[in-house]
Amino acid sequence: MMCGHAKEWIAASWTGELDAAQELRLQQHLEICPACAAEMAQLSALWEKLGDLPSAEPSAALAVRWEATLESLGAARPNARAKPWRFTLAALWPQRQVWQVAIALACLVAGLVVGSLRNGAGNSEIATLREEVASTKAMVALSLLRQQSATERLRGVDYSVRLPGMEPEVVAALLEAVNHDSNVNVRLAAIDALAKASGSAQVRSSITQSLPQQESPMVQVALIDYMVDAKDHTAVGTLKQFSARADLNPSVRQRADQAMQQLTEYR
């Protein structure tokens with residue numbers, strides 16, 4: 001225990017504010033700290049001297065003046081003017097219990113009606129606000145996807161993934177990135193981001209049409225995997241033509257053949 005803490009407890013000890021555990025800790029500190037022990041002794045002496053002081057008693061003159069004051073107040077009370085009537089809400093409250101219950105029920109019904117109306121308006125405002133926020137986020141994603149820096153475009157793709165839903169403008173920008181972005185990493189990230197829109201037949205068709213245009217084996221494999229994950233059995237014909245290309249990477253051809261077999265099983 002620090003001395004500063006102990007000094008706070010010394011006075012509390014004399015007033016009986018410490019519990020048994022605190023009192024024990026204080027006594028243990030006093031045994032090893034001469035300064036605090038001396039202060040405790042001085043405080044003890046002061047309390048003993050205060051206890052020896054006689055109790056203050058009112059003088060006879062003060063008692064006489066007090067009695068005279070009470071008598072004068074009692075004598076003036078009958079002559080006091082009646083208080084003027086003041087309007088209070090309590091005066092309007094009916095005394096019969098049946099009317100009290102009726103008024104309470106009427107207030108409850110009115111409160112419920114007003115609350116429901118306000119909640120409806122609040123829900124409408126919240127829905128509008130959410131739409132505005134989603135639109136703003138979509139604008140941010142589109143802005144990033146159009147930046148010159150590949151790092152910023154990757155940020156735009158990542159931002160689009162975090163959107164609660166895929167806006168048509170964002171989907172179009174991601175498809176544009178898949179087909180024409182000069183950075184392979186941006187194209188791969190855009191393909192992954194479009195997984196949220198795989199339920200759209202238009203998006204699946206765009207992905208299928210993009211496959212023959214790609215030159216990067218990594219992007220080609222990513223597009224093939226997208227078709228398989230989307231279970232787009234309509235892409236089998238495109239995959240068959242793509243696999244027949246003479247200049248195709250052997251690993252990509254093998255993956256395309258596997259994808260055709262998988263998609264055929266989905267029919």
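With respect to the conditions (1) part of a loop (DSSP other than H, G, I, E, B); (2) at pLDDT below 90; (3) under 23 Å from I224 (Cβ atoms), S160 falls short on a single one, namely (1). Just one of the listed residues (V203, V140, V133) is assigned to a helix (DSSP H, G or I) and at pLDDT 85 or above, namely V203.
Whenever a residue of region 162-173 is within 16 Å of A201 (Cα to Cα), its partners that are crowded, with 16+ Cβ neighbours inside 10 Å and among the basic types (K, R), lying with C-beta atoms within less than 6 angstrom and at least six residues away or across chains, give the pairs M166/K196. Tell me whether region 211-218 contains one or more residues that are touching a Phe, Trp or Tyr at 6+ places or on another chain (Cβ under 7 Å), outside the structural domain of L142 (by TED's automatic domain parsing), more than 15 Å from A138 (Cβ to Cβ) and surrounded by 19 or more Cβ atoms within 10 Å (Cβ to Cβ). Yes.
Residue pairs whose Cβ atoms lie under 9 Å apart, sitting 6 or more positions apart in sequence or on different chains, and linking a residue in region 246-267 that is closer than 19 Å to A230 by Cα to a partner that is assigned to a loop (DSSP other than H, G, I, E, B) and modelled with pLDDT of 90 or more, are A256/L248; Q262/K231; L263/K231; L263/D232; Y266/K231; Y266/D232. When A177, A190 are checked against the criterion of being over 17 Å from Q241 (Cα atoms), part of a helix (DSSP H, G or I), of a type in the set (A, V, I, L, M, F, W, C) and in contact with a Lys or Arg (Cβ under 7 Å, 6 or more places away or on another chain), A177 stands alone in meeting it. If we keep just the residues of region 213-267 that are hydroxyl-bearing (S, T, Y), under 47 Å from the mean Cα position of the chain (by Cα) and not in a loop (DSSP other than H, G, I, E, B), which is nearest to A177 (Cα to Cα)? Applying the filter and picking the extreme gives Y226.
The values are calculated or read from the model by the stated rules, or taken from the named source; none is laboratory data. These figures come from a predicted structure and were not determined experimentally. With ideal geometry, Cβ positions are generated from the backbone for all residues, glycine too; neighbour counts draw on all protein chains shown.
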